[in-house]
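Enquirer: My questions all concern the structure below.
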Amino acid sequence: MPRPVGEQTERATPSPVAQATAPHGAPVTPSGPGTPGTFPRQARTLLVIADDPSAGAASLPALLDAAGRLRVRTARNLTEAARLLTDDVGCVLLDLAEGDLDVLREVVAMAPRQAVLVLTDEDDPEKAAEAVRLGAQDQLPRKDLDAALLSRAIRYAEERKRSDLARRQLAESRLRAQENARLERGLLPTPLLDGSGLALARRYRPGRSRALLGGDFYDTVRTDDGTVHAMIGDVSGHGPDEAALGVELRIAWRALILAGLSGAPLLGTLQQVLEHERSGDEVFATLCMIDIAPAEDAATLWLAGHPAPVLADPEPRLLPEHAAGPALGLLPTAEWPAAHIHLGRHWHLLMYTDGLIEGRTGDGRERLGQEGMLHLVTDSLHAHPTGGQPFVDDLLHEVRRLNDGELTDDVAMLLLSR
């Protein structure tokens, strides 16, 4: 199509099209015409790109005047069209008198959020199909065109474009969700327990809707001396920032363990990591950390503001909390004393976050608490004496049942068994 520098025009003619395609008072999308996004919510304006709109058996001005109330802008070339293509344009009508579909590619690229109609002098089904393949919503032969058909074609093209954009956004949203799921799944730890005689079962359920990762975190590592190190923690809050901080603390913990650090010095270093990485001074993290000796019959426990784990040997009991220190990030200087635990020959050790004990127990406001959880642990061990994944799954199921629905907080559980 020749592209002389011509005169652009804008005129308003009465048409029901604008009223049918946009609600009263709907705001105009603020993004520019070259930015992919949502369809303009007020499709009040038609942009016509034509060398000579009045040429042909049926001139466009006459058809548009007969079509009714519709604001029309006319550009004689693509340079003018780019200037006139603003957010309120709902449809572009491209007059291809010479059937040059290469121009259509440029128009579709220029107007990714607008419907595009192609007007030609010929009725060629193959060329019509090619126009649609290139991104147009329809091709109209000029010889069959009248005002009613043009008005209806504009309206239908705009609705098809809305539908196309909605499907594309849904597909993009699903792809982003899949990518986020793969990323979050990859951030969960792979236990390093090769060579130990311990069995591990775990369960992780974030409180955030549609998330795979929450502010709870855990890890287990067996070092070269045969010691099994395990920890579980909880960052205050439930958003993505807290989830990211939990991952940072877990990775830092594993690196420090592998570097030979443990106990209170390790907790002090983790507190420094938290203080540098947290989003605000009010953010803190609780932590339970245990080192199991190579003989697997004794352990050392540290608690930083975290609920004490449960030891079943064989009857379940809470490990002592009297030696606990403050949560990480609460005090600039803190101490975390150690508690030495005798484990025996056969035992189960359950580490958990407070999301497991803060659920309700029926219609009242009473919380499950640690004592209520002990009863559930006893029942679950009677049903699953060897522990394992059936035990942790059954325990979480019972907690949710008592809560009469899904828990709102993150939940993480680790069960180490000998």
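The values are calculated or read from the model by the stated rules, or taken from the named source; none is laboratory data. Quick caveat: nothing in here was measured; it's all calculated off a predicted structure. We place every Cβ from the backbone using ideal geometry, glycine too, and count neighbours over all the protein chains shown.
Enquirer: Among the numbered conditions (1) of a type in the set (Gly, Ala, Ser); (2) surrounded by 21 or more Cβ atoms within 10 Å (Cβ to Cβ); (3) under 20 Å from Asp225 (Cα atoms), tell me where Ala295 comes up short.
Expert: With respect to (1) of a type in the set (Gly, Ala, Ser); (2) surrounded by 21 or more Cβ atoms within 10 Å (Cβ to Cβ); (3) under 20 Å from Asp225 (Cα atoms), Ala295 is out only on (2).
Enquirer: Here is a follow-up. Which ones in the range 331-350 are assigned to a loop (DSSP other than H, G, I, E, B) and free of Cβ contacts under 8 Å to residues at least 60 places away in the same chain?
Expert: Hits for the range 331-350 are Leu331, Pro332, Thr333, Gly344.
Enquirer: Could I ask something else about it? Looking at Ala264, Ala243, Ala252, which one is buried (at least 19 other Cβ atoms within 10 Å of the Cβ) and either in a helix (DSSP H, G or I) or touching a residue at least 12 places away in the same chain (Cβ under 8 Å) (or both)?
Expert: Numbers: Ala264 fails: buried (at least 19 other Cβ atoms within 10 Å of the Cβ); Ala252 fails: buried (at least 19 other Cβ atoms within 10 Å of the Cβ).
Just a single option satisfies the conditions, and that option is Ala243.
Enquirer: Select from the range 111-135 the residues that are touching a residue at least 40 places away in the same chain (Cβ under 8 Å) and either of a type in the set (Ser, Thr, Tyr) or in contact with a strand residue (DSSP E or B) (Cβ under 8 Å, 6 or more places away or on another chain) (or both) and list them in ascending order.
Expert: Kept after step one, since they are touching a residue at least 40 places away in the same chain (Cβ under 8 Å), are these residues of the range 111-135: 111-117, 119, 121.
Result: Ala111, Gln114, Ala115, Val116, Leu117, Leu119, Asp121.
Enquirer: Any residue at all in the range 363-370 that's assigned to a loop (DSSP other than H, G, I, E, B), in contact with a Lys or Arg (Cβ under 9 Å, 6 or more places away or on another chain) and buried (at least 16 other Cβ atoms within 10 Å of the Cβ)?
Expert: yes
Enquirer: What are the residues in the range 244-287 that are farther than 19 Å from Ala338 by Cα and touching a helix residue (DSSP H, G or I) at 6+ places or on another chain (Cβ under 8 Å), if any?
Expert: Answer for the range 244-287, where residues must be farther than 19 Å from Ala338 by Cα and touching a helix residue (DSSP H, G or I) at 6+ places or on another chain (Cβ under 8 Å): Leu245, Val247, Glu248, Leu249, Ala252, Val273, Leu274, Glu277, Arg278, Ser279, Val283, Phe284.
Enquirer: On to the next question. Would you pick out the residues in the range 133-145 that are within 15 Å of Leu119 (Cα to Cα) and either at pLDDT 80 or above or of a type outside the set (D, E, K, R) (or both)?
Expert: Of everything in the range 133-145, those that are within 15 Å of Leu119 (Cα to Cα) and either at pLDDT 80 or above or of a type outside the set (D, E, K, R) (or both) turn out to be Leu134, Gly135, Ala136, Gln137, Asp138, Gln139, Leu140, Pro141, Leu145.
Enquirer: Would you be able to say whether some residue in the range 161-171 is modelled with pLDDT under 80, under 22 Å from the mean Cα position of the chain (by Cα) and of a type in the set (Lys, Arg)?
Expert: Checking the range 161-171: not a single residue is modelled with pLDDT under 80, under 22 Å from the mean Cα position of the chain (by Cα) and of a type in the set (Lys, Arg).
Enquirer: Next question. Being touching a strand residue (DSSP E or B) at 6+ places or on another chain (Cβ under 9 Å), surrounded by 16 or more Cβ atoms within 10 Å (Cβ to Cβ) and not in a loop (DSSP other than H, G, I, E, B) is the requirement here; does Leu274 meet it?
Expert: So Leu274 fits the description; yes.
Yes or no, residue by residue, for (1) hydrophobic (A, V, I, L, M, F, W, C); (2) over 23 Å from Leu165 (Cα atoms); (3) surrounded by fewer than 16 Cβ atoms within 10 Å (Cβ to Cβ):
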| position | (1), (2), (3) |
| --- | --- |
| Leu84 | yes, no, no |
| Val92 | yes, no, no |
| Ala111 | yes, no, no |
| Gln114 | no, no, no |
| Asp124 | no, yes, yes |
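Enquirer: So, one more: Could you identify the single residue in Ser279, Ser196 that is under 29 Å from the mean Cα position of the chain (by Cα), farther than 18 Å from Asp409 by Cβ, in a loop (DSSP other than H, G, I, E, B) and in contact (Cβ under 8 Å) with a residue 24 or more places away in the chain?
Expert: None of the other options fit; the residue is Ser279.
Enquirer: Return a yes/no flag: does the range 316-332 have any residue that is of a type in the set (Asp, Glu) and modelled with pLDDT of 90 or more.
Expert: No, the range 316-332 contains no residue that is of a type in the set (Asp, Glu) and modelled with pLDDT of 90 or more.
Enquirer: When you look at Gly387, is it on the phi > 0 side of the Ramachandran plot and either touching a Ser or Thr at 6+ places or on another chain (Cβ under 8 Å) or basic (Lys, Arg) (or both), yes or no?
Expert: Criteria met by Gly387.
Enquirer: Quick check on Ala304: is it of a type in the set (Gly, Ala, Ser), farther than 22 Å from Gly215 by Cα and part of a strand (DSSP E or B)?
Expert: Answer is no for this residue.
Enquirer: Taking the conditions exactly as written (in contact with a Lys or Arg (Cβ under 8 Å, 6 or more places away or on another chain), at pLDDT 85 or above and over 13 Å from Leu150 (Cα atoms)), does Leu78 satisfy them or not?
Expert: Numbers: in contact with a Lys or Arg (Cβ under 8 Å, 6 or more places away or on another chain): yes; at pLDDT 85 or above: yes; over 13 Å from Leu150 (Cα atoms): yes.
Yes.
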